[in-house]
1. Report every pair of residues separated by at least 6 positions or lying on different chains whose Cβ atoms are under 7 Å apart, first residue within the stretch 70-82 and over 13 Å from Pro110 (Cα atoms), second of a type in the set (D, E, K, R) and in a loop (DSSP other than H, G, I, E, B).
2. Output the residues belonging to the stretch 89-122 that are within 17 Å of Leu175 (Cβ to Cβ) and in a helix (DSSP H, G or I).
3. Sort out which residues of the stretch 206-223 are touching a strand residue (DSSP E or B) at 6+ places or on another chain (Cβ under 8 Å), part of a helix (DSSP H, G or I) and closer than 16 Å to Lys268 by Cα, and write them in order of number.
4. Of the residues that make up the stretch 5-12, is at least one aliphatic (A, V, I, L, M), assigned to a helix (DSSP H, G or I) and within 18 Å of the chain's Cα centre (by Cα)?
5. Residue check, Leu86 against (1) in contact with a Lys or Arg (Cβ under 7 Å, 6 or more places away or on another chain); (2) modelled with pLDDT of 95 or more, all met but one. Which one?
6. Only one residue in Leu53, Leu86 is within 23 Å of Lys3 (Cβ to Cβ) and in contact with a Ser or Thr (Cβ under 9 Å, 6 or more places away or on another chain). Which one?
7. For residues that are among the basic types (Lys, Arg) and surrounded by fewer than 18 Cβ atoms within 10 Å (Cβ to Cβ), scanning just the stretch 8-34, find the one that is modelled with the lowest pLDDT.
8. Keeping to the stretch 1-59, report how many residues are over 17 Å from Leu86 (Cβ atoms), touching a residue at least 12 places away in the same chain (Cβ under 8 Å), of a type in the set (Gly, Ala, Ser) and out of contact with any Gly (no Cβ under 6 Å at 6 or more places or on another chain).
Amino acid sequence: MIKWGVCCLFAASGAPRFGSATMAQLARFALDQRRRKLSTLAADNASVLLALLEQSRAYGFGGFRVGSAIIPRMTHPALGFSFDELPDAALIRDRFGQAKSFGLRLSLHPDQFVTLSSASETVWRNSRRELLWQNELAEMLGCTEINLHGGGAQGGKEAALERFAARFSELPDSLRRRITLENDDRIFTPDDLLNLTEELEIPLVLDVHHWRCNPGKMSLEEATCRAEASWHFRGETAHFHLSTPDAPGSRKHAEYIDPRDFPDCWRKWDLLIDVEAKAKELAVLRLMRNKCAGISNFTRDA
């Protein structure tokens, strides 16, 4: 069975929109004013999230990726703050808690600057601060996954992954139990990551577009089998990513998914698949209408 996940927001005209705040905007306010502004923004964003989750359930989606900036600038070195410093913290916590009631599998995907493998101690400290906040957010929302990329490869891939493993061991148990790893389109292939994920019992989120850009030594079928097995550590259905390039050879995502990009070797598995497309929920709905997961001749050779 294939279940579909949507990423972060809806694209349809009139869909609820998340608010944000730039550094320049926030810097103009005194500390108390800044916290009040961000508190109101966070409470509004929590309501937007609930509306999108309700609609996702109505559409029959299986998952929703929550944008990691749902409360902006939480961990900024100069302007950051703790959640309980927000005047509306109790209200926001209550609204976030309601996210658990929709029966959707929720995940977080921090920005690329969050990495455990960096050779920079400053990047590591900042990443750790952000991950601790993401874990707090995940606890409130009921998110089971915080998905990371391998990061950079300063000093070589082996050294980078050794740093990842050492720093992973320093994180709280509750955070380690949520972290997943994803292959990327430039550096870390599935075969680069799978030995590490199997050793540390971290599930691998297989991104098929990234595999096509950066396949490494494994066939897609072999990578799929091992990635799916890595989720057995958590007792969860494997979570993969699907996208279509906006042009041949491009790393950017298209508006919609070409059904031929759905890998034929994925059809034998129970999967949750995040659709990474600019048209967001509209792209997921088109796939569901096409029922592409059941039409084998839509798939091009990987």
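The values are calculated or read from the model by the stated rules, or taken from the named source; none is laboratory data. These numbers come from a predicted model, not from an experiment. Positions of Cβ are backbone-derived with ideal geometry, glycine not excepted, and every protein chain shown enters the neighbour counts.
1. Leu79/Arg73; Gly80/Arg73
2. Residues satisfying the conditions do not exist here.
3. Answer for the stretch 206-223, where residues must be touching a strand residue (DSSP E or B) at 6+ places or on another chain (Cβ under 8 Å), part of a helix (DSSP H, G or I) and closer than 16 Å to Lys268 by Cα: just Val208.
4. no
5. It fails just one condition, (2).
6. Among Leu53, Leu86, only Leu53 is within 23 Å of Lys3 (Cβ to Cβ) and in contact with a Ser or Thr (Cβ under 9 Å, 6 or more places away or on another chain).
7. Arg28
8. The total comes to 6.
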